[in-house]
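S.K.: Before we start, here is the structure in question, set down as structure tokens.
The values are calculated or read from the model by the stated rules, or taken from the named source; none is laboratory data. This structure is a prediction, so every number in the text was calculated from the model and none was measured. Positions of Cβ are generated from backbone atoms using ideal geometry, with glycine treated the same way; all protein chains shown enter the neighbour counts. The protein model used for the area step is the full one, side chains on, heavy atoms only, and it has no ligands, DNA or RNA in it. Shrake-Rupley method; radii C 1.70, N 1.55, O 1.52, S 1.80 Å.
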Amino acid sequence: MVAVRARPNRLVSPTLRRHLPLALGAGVVLFLLSTQIGAYDDYNLAAVAIYAIAAAGLNLLTGLNGQLSLGHGALMAIGAYTASLLLKDHRQFPVVVVLMIAMLSTGVIGIVFGFAAARLRGPYLAGATLTLAVALPQVATRYKSIFGGESGLTVPQPAPPAWLGADFPPERWLAWIALAAAVLTMLLLANLLRSSVGRAFKAVRDDEAAAALAGINVARTQVLAFVISAACAGLAGALFAYWSGITSPAGFSLALSLQLITAIVIGGLGSLAGAVWGSVVLVFVPLLTSGMASRVNLPSSVADNLPLAIYGGILVIAMLVAPHGIQGALRRILAIGRARWGHTPGGGQKGVVDWDDPAPDT
Amino acid sequence: MKRVMGGSALRIRAIAIVCLTGLLAACGTSGESTSGTNTASAPGITATTITIGSTQPLTGRAAPGYSEISASSNAYFQYLNAHGGIFGRKITYWYYDDGYNPTNTASLTRKLILEDKVFAMFSALGTPTHLAVVDYINTQKVPDLFVSSGCNCWNDVSNHPYTFGWQPDYTIEGKILGQYIQQNLSGKKVGYFYQNDEFGLDGVKGLDAQLGASSVDSAGRQNYVPTNTNIGPQIAALQASGAQVVVSFSIPAFTALALLGAAKIGYHPIWVVSNVGSDVTTLTGLLKAFSQGKAGGQLLGGMVTDTYLPLVGDSSNPWIKLFKGIHDQYVSNLPWDGNVLYGIAQAYTFVQAIKAAGRNPTRASFVKSLETTKLTGGPGLAPLGYSSSNHLGFLGVQIAVIAADGTVTTTGPVYTSSDSGPITQYNGSPSTPPASGIP
């Protein structure tokens, strides 16, 4: 967004023209998909969209700017609590307003943390953001009268507008909101990454000294990456509050931050599409195994832990098979295919995959 | 020709069956609707099955002890299914692990209702977890029976007409524990150690109502959050406050931590522990695990608690004989403890409720029946409170004391109460289970 302000002409640049049809196409496909599936699948589709927003933001920070954050779950919590506090006591606000305010408030916190983050490197940065993930949920427990303590704050599910009919599943409406937010976020991020700002992000990640010599303000770039990333997390957090119907400390534990890291690593570091693949894995793999405990005929000490063990196993295998994530594997398959069929004479070097490059699609 | 003949004969037979079914259904509705044929009367009910679902902490910090509950309920349903089911229907019980995380509960509850299409939710465990979904379940008009939590939030008939509690609510429990302290430990300084959520706060509400809010000063009111296992400071504060009796509304892991923390600093108050945090087998295991074998069940000697079911260790009790037999047959890999008893007893009450609702219930008629038909003859020591204005489960408890060797003995009569009313002695006599073990 800062990029737009800095260079207004980017709004009509070829980049936008390239990404806009893709985003519209994805929007139409997802819309059609959401109307063809059941309410529960819509609900899961919404979850994928929400995780994808947060993971895309994190991927921008970690994959493209080289700053590892273990605190994105806490940033989501800020967005979620902002939304929940706005909607407390049956107050009515349009969804768009709630989402914008949650994004802004998390972005502001992101500025504060971004300044701290810009001074820290590697494990120290990871440690600082880890503090955020561990400490922030405790604030909710400490100030129980405001944040509702362990039990948290309940959030009413957004009601579908009347013109959609009385029988319209609220899960589908939720999916539409989340998908619209996700497509829009991806479009903005894709544009940003194709701009000079995106190139500055990567330059800072690859070599800070060289980037500084090239005239890039390293600290400013890092703070900017953190703020954009935090705003994405805030948006995802607010949607998450609507989605789960409850905002409580247990929902934003360290595990959530680690799940987001899992999503971008499994999906493909540094690529927006990778964030989407990772989110699909994050939502659907646990669902496949969740019912197992009550269906397998094993001692419950084994059966109870089986879903988690299988989930962990799948992640390990995925990393062994596709060390550059799902997006990396897809690109490699494409590259091999091209080399074999000779469609693109120049791009056929076997094994050379530019997995760092942001995906041109959303 | 033959085909035409066959077709018309078939049609006549079909008409006959339809008429007969209609007749039987008419008979059924006029009486108790216990005779007739099974129909798919509601989502989750077919002619041969009833599907119900639950969210449970099978892994994570609330799993020790509590993860046994759903497997034990399932053991009772397997026993029921092996003995012909209820109205000829077998019960399918699907329970998912939410790890005590409300976000997971929200997602998995929708899976159960939207995808698995369960007839009812059963025994969903946890106060913060179930609070996340209670509105949703009620807007979907799905019966939400026997929430495994003593929060009095489940007794909210106007906002949550489909939700019912089961175990005594923590406020009633707190009042009756408070009465015991007044009667038997009078003159001793009292302190509280409680979980800082609805569970602990409801318990404290009952204690304060009985003992008087001013009888315990702020130094004697220490709480914990389940995400922080360092409870040393709180225990030291209780010791410093001079409390000689500590009432603990804690889950098993935190009861064990509190006992160990107190033992470590040479603090030996009389512990009065809420039912949910006092199971001897679970606590002994946790004490051993947390202390790497240095401590164990000996720390439980003298602990005061309460019960609303026959005691786990009372092998002469007919309910315990029946339930222990089911445990031994179906879930013998689990320890025979209070959580297993809880799960089986809850399942028994559920089958009582299904039976009372008649052969072909709808979701609404099932809830209506639970409000209007008194469920009696179950394993509980106190009566169940269900009516059109009350969705509380067991209305009272009996005090029990744990001896140094781990045996538990009940003492005094069963008392019943309500959140605001007085405590009264219950004089009903305990029931015995039917020979079949099925209501």
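S.K.: Just to verify a number: FRET efficiency for A:Ser196 and B:Asn427, C-beta to C-beta distance, R0 = 60 Å, to 0.05?
M.R.: About 0.10, to the nearest 0.05.
S.K.: Still on this structure, I have one more. Can you list the HN-Hα couplings for region B:381-397, worked out from phi with the Karplus curve (6.51, -1.76, 1.60; θ = phi - 60°), rounded to whole Hz and with x for Gly and Pro?
M.R.: Here the 3J(HN,Hα) series is 7, 10, x, 8, x, 4, 7, 5, 10, 9, 10, 6, x, 4, 8, x, 9 Hz.
S.K.: So in the protein assembly as shown, what percent of DSSP beta bridges are antiparallel if you round to the nearest 5?
M.R.: Of the beta bridges lying entirely in the protein assembly as shown, close to 40 percent run antiparallel.
S.K.: Roughly what % antiparallel, to the nearest 5, for the DSSP beta bridges in chain B?
M.R.: In chain B, approximately 40 percent of DSSP beta bridges are antiparallel ones.
S.K.: Still on this structure, please answer the following. Based on alpha-carbon centroids, what's the gap between region A:88-143 and region A:167-221 in Å, whole number please?
M.R.: 18
S.K.: Angle between the Cα long axis of helix B:2-30 and the longest principal axis of chain B, 0 to 90 degrees, nearest 10?
M.R.: 40
S.K.: Going by alpha carbons, how many degrees (0 to 90, nearest 10) lie between the helix axis of B:338-356 and the longest principal axis of chain B?
M.R.: 30
S.K.: Now for a separate question. So, in nm, how far is label A:Ile336 from label B:Arg61 when the simple model puts each one 7 Å beyond its Cα toward the Cβ?
M.R.: For the pair A:Ile336/B:Arg61, the computed spacing is 4.6 nm.
S.K.: So what is the calculated 222 nm ellipticity per residue for chain B, using -39500 (n - 2.57) for each DSSP H run with n of 4 or more, over all residues, to the nearest 500 deg cm²/dmol?
M.R.: The per-residue figure over chain B is -12500 deg cm²/dmol.
S.K.: How far apart, in nanometres, would the label points at A:Ile310 and B:Asn38 be if each is projected 7 angstrom from Cα along the Cα-to-Cβ direction?
M.R.: Between A:Ile310 and B:Asn38, the label points sit 2.8 nm apart.
S.K.: What is the dipole size for region A:2-253, taken about its Cα centre, with +1 at each Lys and Arg Cβ and -1 at each Asp and Glu Cβ, in debye to the nearest 20?
M.R.: So the dipole magnitude of region A:2-253 works out to roughly 880 debye.
S.K.: About the Cα centre of region A:204-338, what is the dipole size in debye to 20, counting +1 per Lys and Arg Cβ and -1 per Asp and Glu Cβ, all else neutral?
M.R.: It comes to approximately 320 debye.
S.K.: To test your reading of the geometry: what angle, between 0 and 90 degrees and rounded to tens, separates the Cα axis of helix B:318-330 from the longest principal axis of chain B?
M.R.: That works out to roughly 70 degrees.
S.K.: Which one of B:Pro310, A:Thr106, B:Ala364 has its Cα pushed farthest toward the positive end of the charge dipole of the protein assembly as shown, where Lys and Arg give +1 and Asp and Glu give -1 at the Cβ?
M.R.: A:Thr106
S.K.: At a probe size of 1.4 Å, how large is the accessible area of A:Arg199, to the nearest 10 Å²?
M.R.: Taking all protein chains as shown, A:Arg199 has close to 130 Å².
S.K.: With a 1.4 Å probe and all protein chains kept in place, how much accessible area does A:Thr129 have, in Å² rounded to the nearest 10?
M.R.: The accessible area of A:Thr129 comes to roughly 0 Å².
S.K.: With a length cut of 18 Å (Cα positions projected on each helix's long axis) and a Kyte-Doolittle mean of at least -1.0, go through chain A and give me the DSSP H helices that pass.
M.R.: A:14-36, A:39-59, A:72-86, A:95-118, A:122-142, A:170-194, A:218-244, A:254-267, A:272-290, A:306-321, A:325-341
S.K.: Mind scanning B:Lys117/B:Lys321; A:Lys88/B:Lys189; B:Lys111/B:Lys321; B:Lys175/B:Lys374; A:Lys88/B:Lys205; A:Lys88/B:Lys111 and naming the pairs with a C-alpha gap bigger than 30 Å?
M.R.: B:Lys117/B:Lys321; A:Lys88/B:Lys189; B:Lys111/B:Lys321
S.K.: Put +1 on the Cβ of every Lys and Arg and -1 on every Asp and Glu Cβ in the protein assembly as shown; which of B:Gln329, A:Ala126, B:Tyr93 then has its Cα farthest towards the positive end of the dipole?
M.R.: Checked the options; the winner is A:Ala126.
S.K.: Also, quick follow-up: Å³ per residue of the Cα convex hull, for the protein assembly as shown?
M.R.: Once divided by residue count, the hull of the protein assembly as shown is 212 Å³.
S.K.: With each label point set 7 Å from Cα along the Cα-Cβ vector, what nm distance links A:Leu120 and B:Ala82?
M.R.: Going by the 7 Å Cα→Cβ label model, 5.7 nm.
S.K.: With an 8 Å cut-off on Cα pairs and a minimum separation of 6 or more residues, tell me the relative contact order of chain B in percent.
M.R.: Relative CO of chain B lands at 16 percent.
S.K.: If R0 is 45 Å, what FRET efficiency do you get for A:Thr35 and A:Met319 from their C-beta distance, rounded to 0.05?
M.R.: 0.80
S.K.: If amide hydrogens are placed 1.01 Å from N in the peptide plane, which non-local residues have theirs closer than 5 Å to the one on A:Ile216?
M.R.: none
S.K.: Assuming a ≥ b ≥ c are the square roots of the Cα gyration tensor eigenvalues, decide whether region A:2-253 counts as rounded (a/c under 1.5), prolate (otherwise, with a/b larger than b/c) or oblate.
M.R.: Verdict is oblate for region A:2-253.
S.K.: Hey, with R₀ at 35 Å, roughly what FRET efficiency would B:Val157 and A:Gln138 work out to, going by the Cβ-Cβ distance, to 0.05?
M.R.: Calculated transfer efficiency: 0.50.
S.K.: Length gain on complete extension for the stretch B:Ala435 to B:Gln329, per 0.36 nm per residue less the alpha carbon to alpha carbon distance?
M.R.: 36.5 nm
S.K.: Can you classify chain B as rounded, prolate or oblate using the Cα gyration tensor, where a ≥ b ≥ c are the square roots of its eigenvalues, rounded means a/c under 1.5, and otherwise it's prolate if a/b beats b/c and oblate if not?
M.R.: prolate
S.K.: I need the phi-derived Karplus couplings for region B:107-120: 6.51 cos²θ - 1.76 cosθ + 1.60, θ = phi - 60°, integer Hz, Gly and Pro marked x.
M.R.: 3J(HN,Hα) across region B:107-120, in whole Hz: 5, 6, 5, 5, 4, 4, 7, 7, 9, 6, 6, 6, 5, 8.
S.K.: Let me ask something additional. For region B:88-138 and region B:207-262, what is the centre-to-centre distance using only Cα atoms, to the nearest Å?
M.R.: Region B:88-138 and region B:207-262 have Cα centres spaced 32 Å from each other.
S.K.: Taking H placed 1.01 Å from N in the peptide plane, check which residues at least 5 places from B:Trp94 or on another chain put their amide H under 5 Å from its amide H.
M.R.: For B:Trp94, whose amide H was placed from the backbone, the distant partners under 5 Å are B:Ile52, B:Gly53, B:Ser54.
S.K.: Let me ask something additional. Based on DSSP H runs of at least 4 residues, each adding -39500 (n - 2.57), what is the mean residue ellipticity at 222 nm of chain A after dividing by all its residues, to the nearest 500 deg cm²/dmol?
M.R.: Rounded to the nearest 500, the figure is -23000 deg cm²/dmol.
S.K.: Here's another thing I want to ask about it. Which value, in Å² and to the nearest 10, is the accessible area of A:Trp277 when all protein chains are kept and the probe is 1.4 Å?
M.R.: Estimated to the nearest 10 Å², A:Trp277 gives 100 Å².
S.K.: Also: If you take every residue apart from B:Glu68 with its C-beta less than 11 Å away from the C-beta of B:Glu68, what net charge results, scoring Lys and Arg +1 and Asp and Glu -1?
M.R.: Surrounding charge for B:Glu68 is -3.
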